[in-house]
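Next up is a structure, given as C-alpha cells.
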Amino acid sequence: MAFNFSLLFRTLFKSVAAYHKTGARFTFRRALFLILSPIFYFLVESITWFCFSLDDIFFREYRDIVIKKPVFIVGYPRSGTTFLHRLCARDIQTFTALGMWEILFAPSITQKKILRFVGSCDRKLGAPLRRSISAFEKRLPLE
C-alpha cells in the first residue's frame with residue numbers, strides 16, 4: 001500500500017496552524033513530537049520494508065502457506081471479543097494470533113527472529129534491557 005504523503009503533511013499543518021480549535025496549547029513538547037514522529041515513523045517503516053525484502057530472500061516458504069479456514073473475530077465493544085481472541089490464541093495447534101508487539105515492532109519474519117534473539121541474549125545477561133524498558137514505561141504519564 002502506498003503511503004499518503006499528502007494526508008501526512010495536511011495533518012501536520014493542521015496540528016500546527018489549527019491547534020487552537022482543539023483546545024490544546026502549542027507547547028515545545030507538541031512541536032518536538034510533530035517534528036520527530038514522522039521521522040521515527042519513516043525510520044521504522046524503512047526498516048520494516050527492508051526486513052520484508054529479506055523475508056523474500058531467506059524465508060521464501062511463507063508464500064507457500066495456504067490458509068484453509070480463516071477465523072475472524074469481530075464484534076461490538078465489551079461483547080467478549082477480546083476474551084474469545086485470547087482463548088483462541090492459547091490453542092496454538094489450531095489458531096495463530098498476533099500479539100501487539102508483533103503488529104507494531106515485528107511484522108516480518110526477520111524482525112521476529114532478530115527481536116527473539118535480542119530477548120534471549122537479554123535474558124542470559126540478567127535482563128538489563130527488559131528492566132530499562134519497564135523503568136521507562138513507569139515514567140510515562142498515564143494520560
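The values are calculated or read from the model by the stated rules, or taken from the named source; none is laboratory data. In this text the structure is predicted, and so the values were computed from the model without any measurement. Neighbour counts are summed over all protein chains in view; Cβ atoms, including those assigned to glycine, are modelled from backbone coordinates with ideal geometry. Accessible surface is based on the protein model in full, side chains and every heavy atom, while ligands, DNA and RNA are left aside. Shrake-Rupley method; radii C 1.70, N 1.55, O 1.52, S 1.80 Å.
Would you say Ile109 is exposed (fewer than 14 other Cβ atoms within 10 Å of the Cβ), under 30 Å from Phe5 (Cβ atoms), under 23 Å from the mean Cα position of the chain (by Cα) and among the hydrophobic types (A, V, I, L, M, F, W, C)?
Taking the combined requirement at face value, the residue does not satisfy it.
Here is a follow-up. Take Arg30 and decide whether it is under 26 Å from Ile133 (Cβ atoms) and either open to solvent by 80 Å² or more (accessible area, probe 1.4 Å) or among the charged types (D, E, K, R) (or both).
Yes, satisfied.
Select from the range 102-143 the residues that are over 12 Å from Thr48 (Cα atoms) and either touching a strand residue (DSSP E or B) at 6+ places or on another chain (Cβ under 9 Å) or part of a loop (DSSP other than H, G, I, E, B) (or both) and list them in ascending order.
Leu125, Gly126, Ala127, Leu140, Pro141, Leu142, Glu143, listed by residue number.
So if I check each of Phe9, Phe5, which one is more than 30 Å from Gln93 (Cα to Cα), over 21 Å from the mean Cα position of the chain (by Cα) and free of Cβ contacts under 8 Å to residues at least 40 places away in the same chain?
Phe9
In the range 39-80, which residues are charged (D, E, K, R) and surrounded by 10 or more Cβ atoms within 10 Å (Cβ to Cβ)?
Glu45, Asp55, Asp56
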